[in-house]
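What follows is a set of notes on a single structure, which appears directly below.
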């Protein structure tokens, strides 16, 4: 069954949320049974993935709402705003587990990992990497920032779980293993929070046009309007899945307004069909220097 682009994010978010909730309860139980701060920290890291996936669902659901009088460019940035909030909460959680891990090292608390706990975290490694690959694939397919961020968030959880498996196998030989791994996992949480906050903040503040997209826009314009034209002032504005681009195109002085308008219409159609992007084009006369 073929899934529409606007529904792909909801499917990814729903699938991720179910897997993350299951892993959260299993990891939390394993961590509490072993009294492992690293395992408990990683369980909450997994729960944070669930919150991020819920943000993806919320963002795609809001993004499907049509533009209105107050939001002429649609509602696509709702997921970006929510992601900023989630990244802040995630950073607070990472800091808390860092402090807890330092305390465990100071008191020289050793932890004995059960075989079942190690098995749970080993299964988590494979499940989370599988979900990460699906999320990143979906994000690249529909050019979704939130899906890409969600994918890397899943991957950071898979890496953290892998480190805990290593710690579980070596913990009985090194008393500091759990506290040390707790610090490592807390840094993964903080890194995931920073990456999400950075990406979403760039979108909200306005980021530089992607060089590949700029090159493709110029190639499309030149194919339709001719090879001697100048194209400048390219600005891309992202509103979730909805994108707007504005730029200037220079036409020879002898070009009639009717011909220039016809070519601009053709350029707009081509960009809409090829990149799913709405364009506003300013016409300039090209004069000899």
Subject >> The lone exception for residue 109 - which of (1) outside any helix (DSSP H, G or I); (2) modelled with pLDDT of 75 or more it fails >> reply: (2)
**OP:** Filter region 267-280 down to the residues that are surrounded by 15 or more Cβ atoms within 10 Å (Cβ to Cβ) and out of contact with any strand residue (DSSP E or B) (no Cβ under 6 Å at 6 or more places or on another chain), then identify the one that is nearest to residue 215 (Cα to Cα).
**Re:** 275
Subject >> Selection from region 236-248 of residues that are modelled with pLDDT under 80 and either under 17 Å from the mean Cα position of the chain (by Cα) or surrounded by fewer than 19 Cβ atoms within 10 Å (Cβ to Cβ) (or both) >> reply: 237, 238, 239, 240, 241, 242, 243, 244
Original post:
Do we have any residue at all in region 158-167 that's over 30 Å from residue 236 (Cα atoms), in the same structural domain as residue 35 (by TED's automatic domain parsing) and outside any helix (DSSP H, G or I)?
Top reply: no
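The values are calculated or read from the model by the stated rules, or taken from the named source; none is laboratory data. No experiment lies behind these values; they were computed from the predicted model shown. Cβ coordinates were reconstructed from backbone atoms using ideal geometry, including for glycine residues, and neighbour counts include every protein chain displayed.
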